[in-house]
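Presented below is the structure to which this report refers.
The values are calculated or read from the model by the stated rules, or taken from the named source; none is laboratory data. Worth saying up front: this structure is predicted, and the values here are computed from it rather than measured. Counting neighbours? That spans all protein chains shown, and the Cβs are built from the backbone with ideal geometry, glycine included. Note: areas computed on protein heavy atoms with side chains; ligands, DNA, RNA excluded. Shrake-Rupley method; radii C 1.70, N 1.55, O 1.52, S 1.80 Å.
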Amino acid sequence: MLFLTPISAIFLILFPVSSDALNLSCSIIHPLPIPAERYMWTPTHGVPGKQEEHEEVCIIASARLNSTTATKVRFPKQQTIELFYASIPSFGPDLFVQLHNATLALELRKGTVTELRYGSSTLNHLKISDTGLDHFEVLPERGIPLQTLIIHERLITVLPVSVNVLAGLKLLDLSGCSLTTLDLSELFGLDALIALNVADNQLATVGASGPVNLPALAKFDVHQNELSQIDHFPDQFPALRYTRILQNRWDCEWVSAVREKIWHRNITVLGTDFRCGGRRINNGGLCCTYAHPSRARLAIAKAMLSVLEELSAAAPDAPAIGPLITFKVFENETLDGVVGVEMERVGIYLQDPIGAP
């Protein structure tokens with residue numbers, strides 16, 4: 001005689017209800033806080049504060065579906081479902097269409113889902129993480145109600161195919177993937193998109209091969225990548241209010257130009273670089289390098305002359321000082337490393353010398 005303990009019984013989630021149908025039931029229903037990304041915000045209302053609301057999440061553990069067993073599946077009537085450690089090699093419209101109309105949020109977490117073709121779905125929220133997914137495609141359908149799409153998959157190297165079909169999308173989060181380039185023109189048509197997160201990728205280029213139109217984008221996160229500059233930033237985002245751009249390989253001249261634009265548009269920069277290793281310097285909270293040593297020397301000279309101009313304006317009757325400016329250099333008597341400037345009675349020194357990268 002076989003006895004089932006409560007622990008083992010909780011994972012018996014698949015059992016046939018007919019010769020061609022499988023019934024999926026909840027392994028456990030657990031009250032969890034509603035994810036912060038569900039609370040869509042606009043530039044006029046600001047970023048939402050901490051939310052205390054909870055929802056019942058139906059967690060289905062260790063479901064195994066293939067092309068044969070997926071022909072007829074009965075999902076539970078739950079608003080939020082999480083498939084935990086599922087084995088579903090290909091998740092397509094044949095499965096999405098079988099979700100109950102009451103289900104608005106679906107999460108695929110861990111397990112094996114190598115391909116996902118999104119279509120025939122009434123979901124508002126979809127999240128996929130740590131499943132081994134390497135292909136995500138949006139089928140060309142109209143009126144797709146999806147509002148948030150979150151993908152944390154290291155095998156994803158390009159934008160989801162036809163993602164611009166999701167006209168109602170408000171959040172696109174591809175952080176923790178392996179994107180190397182981002183073509184903003186491929187997002188043309190996402191007029192409702194409020195937040196774009198591509199942090200923690202391998203981005204070396206963010207550009208556009210065609211027109212860019214993201215009129216509602218208010219938050220842009222590209223921190224922890226390999227970027228040296230972003231052309232036309234932040235001009236291509238007319239509604240931008242928040243950005244996170246730390247932990248990249250920025251060019252100092254680009255940083256200086258962008259800082260001025262950010263200041264005039266009153267954009268909030270979230271997070272700063274605190275320590276800059278090697279030859280990098282801290283330019284207003286962002287670590288950066290100059291492409292050529294002469295650029296570094298010129299930038300320091302301009303900064304020091306600006307300080308002198310302000311001092312002169314503050315004391316118009318003071319006697320002239322001279323020599324006007326003297327560079328202190330390394331022992332080899334070259335201009336490979338600028339450490340500061342000296343005047344007659346004043347010395348201004350950099351904490352970290354600027355030298356050739």
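What value in Å³ per residue do you get for the convex hull of the alpha-carbon atoms in the stretch 57-203?
Value for the stretch 57-203: 95 Å³ per residue.
Hey, with R₀ at 35 Å, roughly what FRET efficiency would residue 185 and residue 55 work out to, going by the Cβ-Cβ distance, to 0.05?
About 0.45, to the nearest 0.05.
Can you list residues whose amide H is under 5 Å from residue 92's amide H, if they're 5+ apart or on another chain and H is modeled 1.01 Å from N?
117
Could you list the square roots of 5 times each eigenvalue of the Cα gyration tensor of the stretch 138-258, that is, the equivalent ellipsoid semi-axes, sorted largest first and rounded to whole Å?
23, 16, 12
Given H placed on each backbone N at 1.01 Å, which residues far from residue 175 in sequence or on other chains put an amide H within less than 5 Å of it?
Answer set, sorted by chain and number: 151, 199.
Taking 0.36 nm per residue of sequence separation and subtracting the Cα-Cα distance, how much length would be gained by fully extending the chain between residue 266 and residue 226, in nm to one decimal?
Contour length minus the Cα-Cα distance gives 11.8 nm.
For a quick check of understanding: with a 1.4 angstrom probe and all protein chains in place, what accessible area in square angstrom does residue 136 have, to the nearest ten?
Solvent-accessible area, nearest 10 Å²: 10 Å².
If the viscosity is 1.002 mPa s and the temperature 20 °C, what Stokes-Einstein diffusion coefficient in µm²/s follows for the stretch 174-223 when Rh is the Kirkwood radius over Cα pairs?
191
Taking θ as phi - 60°, what are the ³J(HN,Hα) couplings along the stretch 81-97 by the Karplus curve (6.51, -1.76, 1.60), each to the nearest whole Hz, with x for Gly and Pro?
Rounded to whole hertz, the list is 10, 10, 8, 9, 6, 7, 10, 9, x, 10, 10, x, x, 5, 8, 4, 5.
In whole angstrom, note down how far apart the Cα centers of the stretch 160-193 and the stretch 207-240 are.
The stretch 160-193 and the stretch 207-240 have Cα centres spaced 12 Å from each other.
Take the alpha-carbon positions of the stretch 245-293, form their convex hull, and give its projected area averaged over all directions (one quarter of the hull surface) in nm².
3.3
Using θ = phi - 60° and the Karplus curve 6.51 cos²θ - 1.76 cosθ + 1.60, what whole-Hz ³J(HN,Hα) does each residue of the stretch 173-184 get, with Gly and Pro shown as x?
Using θ = phi - 60°, the values come out as 10, 10, 5, x, 9, 10, 5, 10, 9, 9, 9, 5 Hz.
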